[in-house]
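Throughout, read-outs are computed from the coordinates displayed, never taken from laboratory work. Quick caveat: nothing in here was measured; it's all calculated off a predicted structure. Cβ: placed from backbone, ideal geometry, glycine included. Neighbour counts: every protein chain shown.
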Amino acid sequence: MSEFNNMTVVAAAEVISCFHSHDDMEVLEVQWGIAGRCGATSKSARVASLARIALEEAPTVITQSGRVSLSRALVEKAITAPERHRDSATWKKLIAGLRFDGFEIITEKVGTQSLFSWGQTATEPISALVRMLPETIPGTDFRDAESEVVMLLDRNGFRTAKGHLVRAISAFQRGEWSGANGELRNFYESYLNEMAEGLGDTSAADSKAKRDYLGTLQPPFLLSEYNEWNANNQKPQFVQGLLSRMHPHGGHPGLSEEEDATFRLQISLVTARLFLRRYDQRKNP
């Protein structure tokens, strides 16, 4: 599997086309060993061909970073886009895709000396791609998490929860952080409610009562020894604490909003995977 999802690769090719002419893109294709294989009738045709080759054939190409996959070459070229291109919908789509893949862009100001002795030192922004979490830690591939979560939701018939997750991811990919956050809250409450009902709760109680049911069930589903749930509401509880974290008060505009939405998506996926695995093992031993 490619280290980048389809949306990321397509967005990277689109970003490149925004600040490169046809001739410039043809030079890149020669450098990458795919000259003559990309449609030259329009930018969109060229973008589609570049993305298709990268995703379907995954060739290794030569770049300044050495030999890398064509997908990574596209991403590394795209993140060099000038500042004036970084407010576009395509750029936001690239950022959202990279975050879902577990990457972010770090930009540093690097000093450059004038060629002339009397010239002043200027600063130039240099962008680099970095992993948000160490690659060697198991369970931190959020695309794998999403795939397993969707499979377990389908297998156990959690249609309402799946609908919220699908809408959350779609909103996240469009850069609609508030919409993604709202759907993730609904997703979290919904699958816990559906788990309680699947494990025997027939009441019309609210979500808090259903979480209490999961904690008092014998054997309990939410484990007090792991501080997931406790009959004493004054004690630390992960499940309630995460729910509170998903319902903060006040706005968080700008970059903090984007980072917060990313955090919520990631923690929602890994938490859902943990509880869905546990539920599935109990229902399908």
Which net charge results for the neighbourhood of His20, defined as the other residues with beta-carbon distances under 15 angstrom from its beta-carbon, given Lys and Arg at +1 and Asp and Glu at -1?
-> -2
Describe numerically, in nm with one decimal, the distance between label points set 7 Å from Cα along Cα→Cβ at Gln234 and at Glu257.
-> 3.9 nm
Long-range HN-HN contacts of Leu223 with modeled amide H, under 5 Å = Glu228, Trp229
Tilt of helix 177-198 relative to the longest C-alpha principal axis of the chain, in degrees (0 to 90, nearest 10)?
-> 30 degrees
Asp23 paired with Gln218, simple spin-label distance in nm, labels 7 Å along Cα-to-beta-carbon = 8.2 nm
Helix 6-18 versus the longest principal axis of the chain: what angle, 0 to 90°, nearest 10, using Cα atoms?
-> 30 degrees
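Counting Lys and Arg as +1 and Asp and Glu as -1, each charge on the Cβ, what is the dipole of region 145-285 about the Cα centre in debye, to the nearest 20?
300 debye
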Lysine pairs in the chain 8 or more apart or on different chains: how many have alpha carbons under 23 angstrom apart?
-> 15
Could you work out how far apart the two model spin labels at Ser42 and Asn284 are, taking each label as a point 7 Å from the Cα in the direction of the beta carbon, and quote it in nm?
-> 4.4 nm
By how many nm would the segment from Arg277 to Tyr226 lengthen if fully extended, with 0.36 nm per residue of separation less the alpha-carbon distance?
-> 16.7 nm
With contacts defined as alpha carbon pairs under 8 Å and 6 or more residues apart, what's the relative contact order of the chain in percent?
-> 15 percent
With -39,500 (n - 2.57) per DSSP H segment of 4 or more residues and division by the full residue count of the chain, the 222 nm estimate, nearest 500 deg cm²/dmol, is -17000 deg cm²/dmol
Burial-style ranking of 204-210, 269-275, average other-beta-carbon count within 10 Å with highest first, yields 269-275, 204-210
Quick one: putting +1 on the C-beta of Lys and Arg, -1 on the C-beta of Asp and Glu, what dipole do you get for region 6-102 around its Cα centre, in Debye to the nearest 20?
-> 220 debye
Can you list the residues, at least 5 places off or on another chain, whose amide H is less than 5 Å from the amide H of Phe103, using H built in the peptide plane?
-> Met132
Can you grab the distance from the C-alpha centre of region 6-35 to the C-alpha centre of region 43-107, Å, no decimals?
-> 9 Å
Given the Cα-Cα distance of Ser207 and His247 and 0.36 nm per residue of separation, how much length would full extension add, in nm?
-> 13.0 nm
Here region 225-241 yields Karplus 3J(HN,Hα) values (6.51, -1.76, 1.60; θ = phi - 60°; whole Hz; Gly and Pro given as x) of 5, 9, 6, 6, 8, 8, 5, 8, 5, 7, 8, x, 9, 5, 4, 5, x
May I ask you to evaluate 6.51 cos²θ - 1.76 cosθ + 1.60, the Karplus curve with θ = phi - 60°, for each residue of region 215-224 and list the ³J(HN,Hα) values in order in whole Hz, giving x for glycine and proline?
-> x, 9, 3, 10, x, x, 8, 8, 9, 5
